[in-house]
Amino acid sequence: MKKTYLAIAVMALALGITACSSQPEETTAPSEETTQASSEETAEEEDVEVDYFDGDVNVVEEFLVTVTDSEGTERKFDISEAEVTGAEAVGVGDEVEVTYDITKLSDDTTPALEIEVLFSAAEEAEEGLADEVINGTIAEVGDGTLTLETEDGSYTFNTLIGQQVTEGGLNAGAEAEVTYYGDLEDTEDLPVITRIVTADAMDTEDASIYTLTGTVSECDADHVVLDTADPANTFFAFEGPGLFGDVQIGDTITVIYEGSLTGRTVAAVGIR
C-alpha cells in the first residue's frame, strides 16, 4: 500500500503563471474577491491528505463498494463521485486500489476520490478463460491423475478437485466428458479437471450441475472460501447472497456454482 502524502496544488499555480504571461497588456487584473476565492480554493486543495486502500471487491450496491485487503480489513467506499480507471465498471471479484481523503475516513462509508481496477473479473471472463470441455475414452486412472484418449491425442489431467459424476466409476475404457482448465499440452503443470461425467451417468441429476467440495477457510452470510484437496489449486471464493448463513469455518461443504472456477469469485447457487 502506498504511503500517505499531502496533495499540493502546484500545477494550478504553474498554470496561473502561464496564463498571465500570455494575456494582452490591457487585460484587467484579477479583482480582490477573485484573488481571495482562488487562495481559498488552493488552501482547500492543500488540505487534501490522500491515502490508498488495496483489496478485492466483495460487494457492489449501486455506488457503494465493499473492499477487503490481504489482512482481512474491510472498508466500504462511496464511489459516486470517484473517477473509475482500469475498467468500464467495478464488479465483484475485482482487485482495486481506492484513493481517498484520509481526513474523511469513516468506520461506516468513506467517499472515494478514485478507484483503479487492477484486475477485472468481468474482463477475464470475456477473454475466454472459462472452462473447456473435451470428450474421449479413459485410458488410465492414477493417483490424482487421469489420462484421456481423444481424436486429437492423449492428455493427462489433474483430478484432485474434480467433481465425479459416474454410475460405474472412473475405469479404463469408459467414455467420458471432461470439463477442465489449463493447457492440454503441459505435462508438468497438468490441466485441472473441474468435472468428469462418464457415459453411464449423462442422464443423472448431478450431470446437470457443477459442484466443488472443500473445507471452509473463510465465510460470512454472502461469501465463502473453500480450501480444496489440491495444494496447487487450493482456494476458491464463492459469492451467494444469504446462502452461507449457517456455514462455519472448518465445515466441509459442496458448493453448487455457475460459470467457471477460473474467476476470482464464482457465483454460488446452492450448497450441500
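General observations
- Residue check for Val60: aliphatic (A, V, I, L, M), without any contact (Cβ under 8 Å) to a residue 60 or more places away in the chain, assigned to a strand (DSSP E or B) and surrounded by fewer than 16 Cβ atoms within 10 Å (Cβ to Cβ): no
- All strands (runs of 3 or more DSSP E) inside the stretch 67-168 with 1 or more residues being touching a residue at least 12 places away in the same chain (Cβ under 8 Å), among the aliphatic types (A, V, I, L, M) and in contact with a Ser or Thr (Cβ under 6 Å, 6 or more places away or on another chain): 110-119, 132-141, 145-150
- Selection of first residues in the stretch 207-229 that are within 11 Å of Ile161 (Cα to Cα) and outside any strand (DSSP E or B) and of second residues that are at pLDDT below 95 and of a type outside the set (Asp, Glu), restricted to Cβ pairs under 8 Å at least 6 apart or on distinct chains, gives the following pairs, ordered by first then second residue: Thr228/Thr234; Thr228/Phe235; Thr228/Phe236.
- Options Thr213, Thr147, Thr179, Thr194; residue that is surrounded by 14 or more Cβ atoms within 10 Å (Cβ to Cβ), modelled with pLDDT of 95 or more and more than 24 Å from Arg264 (Cα to Cα): Thr147
- One residue from Asp220, Asp227 being of a type in the set (Asp, Glu) and closer than 24 Å to Pro191 by Cα: Asp227
- Summed over the stretch 222-256, residues that are out of contact with any Pro (no Cβ under 6 Å at 6 or more places or on another chain) and either in the same structural domain as Gly162 (by TED's automatic domain parsing) or closer than 21 Å to Glu95 by Cα (or both) total 14.
The values are calculated or read from the model by the stated rules, or taken from the named source; none is laboratory data. Small disclaimer: the values here were computed from a predicted structure and weren't measured. A quick note on method: Cβ atoms are made from the backbone with ideal geometry, for glycine too, and the neighbour counts reach across all protein chains shown.
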